[in-house]
Amino acid sequence: MSRSPSLPDRPRLDLDPEMSEAERLAAIRQHYERLLNVNDELDERLSSATDRQEELREEVEQLKRRNETLKTSSLYLATVEELTDDGVVIKQHGNNQEVLTEASPHLDSELEAGDRVAINDSFAIQQLLDDETDSRAQAMEIDDSPAIAYEDIGGIDEQVREVREAVEDPLTNPEMFEQVGIQPPSGVLLYGPPGTGKTMLAKAVANETDATFIKMAGSELVRKFIGEGSRLVRDLFDLAGEREPAVIFIDEIDAVAAKRTDSKTSGDAEVQRTMMQLLSEMDGFDDRGDVRIMAATNRFDMLDEAILRPGRFDRLIEVPKPAPEGRERILEIHTREMNVADDVDFADLAEQLEDYSGAEIAALATEAGMFAIRDGRTEVRRQDFDDAYEKVEDADEQTTIPGPTTYQY
Ligand SMILES: Nc1ncnc2c1ncn2[C@@H]1O[C@H](COP(=O)(O)OP(=O)(O)OP(=O)(O)O)[C@@H](O)[C@H]1O
């Protein structure tokens, strides 16, 4: 601890060997007097510091008590519906009760329809909460017309057909289901390894049906929006209702819909709540009109069976890594805009790319383009693809962690 600079100096006793006995005694007496004075002064300061400390301690206690009261006096959440001359119309979350109320004067000029607010027991608006639009915007990717068409997807034609049947037909041709007397599938779950085109499928079907594409990543709900998961799931479905026709796409659904474990940590409880909200939204799905729901996972084995029950994700579509012809098609798609030399034989190259996913093939094509640029060419040759292949393989070797990496679908 640093010593206060204003403390009195420590008195010094200077005894000269030349001094007589009497002089020494006088000097010592004087020194003693000075020590007593300093001691008194320090005593005084100590006591005023103790008083001040006591005052501060009381202040801290008071603040703590005020903080507690603030924390414990619950406020309810509501959304501003309308600003009228008679007051503010709000709708309380949870019970959807509409109320005509007032805002604290300091909020009056700031409120707008759509704002999320905190209200007290008598419905008066106490706070304007500005985080919802933020977290909504952050947690969801909303795209009115995603720029992906079916022809941009290669090697999974059968899956495209199944998705069209399960998602597109109910949106574009609902009468057919009515006439036949069956319910269209509730939710479509795409499962398979990473980078095989699951997100593309969902975007393409939204695009081709002129539906709004609304994506939410399960992993982010768990990692980034802790405590907000179930609200965001509700928001997701509400938003889709507002923007219909819409395709909801929940990526990495395993993050919120994993099998229940025995552990009772609060994190798990929160994830459970999010999943329950998802299930209840899906169960109320019949009344939602033109909203289709899709999800994707590359950990099918981890999913809780509750989400696979009829009326929930009841159409499962496996999206595997592409076969050689599929790889060839994907190569063609991803080199459409490239100036590819005649010596590039995609069928041959596709054979070489065993076990490559669509995403890896797309990355390889870009890498080949980079090799051409480095060489000062605009034309991409077979050698560039081979160099890119080697680079990707080398990088893979360096990053592969020993031990089996198994995906179970
Ligand atoms: N079948 C495919 N045809 C054409 N391109 C593809 C295909 N699969 C993947 N790609 C390319 O890989 C990128 C990533 O694919 P996408 O995001 O659809 O994969 P995903 O299966 O959703 O992956 P993840 O499980 O990692 O989310 C796409 O933007 C596209 O460039």
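Quick notes
- Over segment 90-237, accessible surface divided per residue gives 47 Å², non-protein components excluded, 1.4 Å probe.
- 27 Å Cα-Cα threshold exceeded, pairs from Lys259/Lys391; Lys224/Lys321; Lys91/Lys203; Lys215/Lys321; Lys224/Lys391; Lys203/Lys321: Lys259/Lys391; Lys224/Lys321; Lys91/Lys203; Lys224/Lys391
- For the chain, the longest principal axis of the alpha carbon atoms and the long axis of helix 229-242 meet at an angle near 50°.
- 222 nm mean residue ellipticity, helices alone, for the chain (DSSP H n ≥ 4; -39,500 (n - 2.57); rounded to 500): -14500 deg cm²/dmol
- Tilt relative to the chain, helix 21-72 - C-alpha long axis, 0 to 90 degrees, to 10: 30
- Based on Cα atoms of the chain, Rg over Rh with Rh as the Kirkwood radius reads 1.27.
- Computed on segment 152-224, with alpha-carbon pairs under 8 angstrom and 6+ residues apart, the relative contact order is 33 percent.
- Folded to 0 to 90 degrees: helix 358-374 orientation relative to the chain principal axis, Cα: 80
- Dipole of the chain, positive end: most advanced residue of Val247, Ser280, Ala202 [Cβ charges, Cα centre]: Ser280
- Each peptide in 205-217, 315-327 gets a packing score, the mean of other Cβ atoms within 10 Å over its residues, and the list from highest to lowest is 205-217, 315-327.
- Rg and Dmax of segment 28-125, both derived from C-alpha coordinates alone, stand at 28.0, 87 Å.
- Of Asp304, Asp144, Asp345, the one that fluctuates the most in a GNM where the chain has Cα springs shorter than 10 Å: Asp345
- The chain, relative contact order [Cα under 8 Å, separation at least 6], %: 14
The values are calculated or read from the model by the stated rules, or taken from the named source; none is laboratory data. Keep in mind that this is a model prediction, so the values were computed, not measured. Please note: Cβ atoms are built from the backbone with ideal geometry, for glycine as well, and neighbour counts cover all protein chains shown. Surface areas here come from the heavy atoms of the whole protein model, side chains and all, with no ligands, DNA or RNA. Shrake-Rupley method; radii C 1.70, N 1.55, O 1.52, S 1.80 Å.
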